[in-house]
1. What is the calculated FRET efficiency for residue 52 to residue 22, with r their C-beta to C-beta distance and R₀ = 25 Å, to the nearest 0.05?
2. For the peptides 140-148, 203-211, 179-187, what is the packing order when you average, over each peptide's residues, the other Cβ atoms within 10 Å and list the highest mean first?
3. Under the 0.36 nm per residue contour assumption, what length would be gained going from the current alpha-carbon distance of residue 180 and residue 161 to full extension?
4. Given the C-alpha atoms of segment 2-61, compute the convex hull and give its volume per residue in Å³.
5. Output the peptides 215-221, 172-178, 93-99, 159-165 sorted from most to least packed, where packing is the average of other Cβ atoms within 10 Å over each peptide's residues.
């Protein structure tokens, strides 16, 4: 058990931010997870990530023992784009699941990486997600950066959190998008009709997406877009959510034009 005493100059800072500042081996995301699991306490009591520390607070951190990763390595072909001592960059194909989960116990990218990297994958992601810093949906192809040690994992997590890593998607959407480029700012959350899907909802999380048209296929009634996401909660591979946001965006533009023309 590690103990930290808060000093006067640190008072008023969120506990997750405070600990991420002084604990080099823990990312803010990892700290938030430990708080949720009650492995970080303040003055002997359970706390929240939003708690603001006070002078004299005694913070106790339960030091985790690295768990042995028990995943079967499988000889699955993977397109490696780049590799060094800290990271390996792969091109995940459509149809491949990133890590084992219910219904997909093996045949995943992680199983392939276990065979390629042996024991050189970070353990921060847990037993079933060694080295995994970010993910792509099963039916989405694209580049994934995998951490080969904990230091690289923390560094990549911080870069993603601070928007220092730019993610660009190519998306084919139904309908003809008239604008050449635009920004969509609409909240998304769980669909009220289908809880397994995401949709535009009134009380959803902020989601900002920038897009520009690459090509319009009028005959097939679809548009090829280049998409850049500004917030972490939205992603074009959440097809229902993104399609709804495009549709709602177009409807809003039409309403605004009608109002302008009617003035």
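Please treat every number below as a calculation from the coordinates, not as lab data. Remember, it's a predicted structure, so these values are computed and weren't measured experimentally. For neighbour counting, all protein chains shown are included, and Cβ atoms are generated from backbone atoms with ideal geometry for every residue, glycine included.
1. About 0.95, to the nearest 0.05.
2. Sorting 140-148, 203-211, 179-187 by mean packing, highest first, produces 140-148, 203-211, 179-187.
3. 3.9 nm
4. Spelled out: Cα convex hull of segment 2-61, divided by residues, is 66 Å³.
5. 93-99, 172-178, 159-165, 215-221
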